1. Return one number: the angle in degrees, 0 to 90 and rounded to the nearest 10, between the long axis of the Cα atoms of helix 3-31 and the longest principal axis of the Cα atoms of the chain.
2. Return the Rg/Rh value of the chain, two decimal places, where both radii are evaluated on C-alpha atoms and Rh is the Kirkwood radius.
3. Run the accessible area of the chain with a 1.4 Å probe and give the carbon-and-sulfur part as a rounded percent.
4. Helix 36-63 sits at what angle to the longest principal axis of the chain, using alpha carbons and giving 0 to 90 degrees rounded to 10?
5. Please compute the per residue accessible area over the chain with all protein chains in place, 1.4 Å probe, rounded to a whole number of Å².
Amino acid sequence: MSDLATVLLGAAVALVLAVLVAAAAGKLARLDGATYPAAILRAATAFASVATLTAAVTAALAALPR
């Protein structure tokens, strides 16, 4: 598998994971009694957190020598 395909596949998996975490956070917020705007805000925060964590891990792994 080429390097580009590996990077694209990894990015797709990370994006799907971030969307799933955001959906779960929004659903849990809604079940907790939050309004729709508050639940969407919590979901967006969760999505951004997972995306940031993924970027940090990727940068750390890229810095490692091969």
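1. With both axes taken from Cα atoms, the answer is about 10 degrees.
2. On the way: Rg = 15.2 Å, Rh = 13.2 Å.
A ratio of 1.15.
3. Working: 3870 of 5020 Å².
Of the solvent-accessible surface of the chain, carbon and sulfur hold 77 percent.
4. Roughly 20 degrees between the two axes.
5. Values: 5020 Å² over 66 residues.
With all protein chains present, the chain gives 76 Å² per residue.
The values are calculated or read from the model by the stated rules, or taken from the named source; none is laboratory data. No experiment lies behind these values; they were computed from the predicted model shown. Quick note on the areas: whole protein, heavy atoms, side chains included, nothing else; ligands and nucleic acids left out. Shrake-Rupley method; radii C 1.70, N 1.55, O 1.52, S 1.80 Å.
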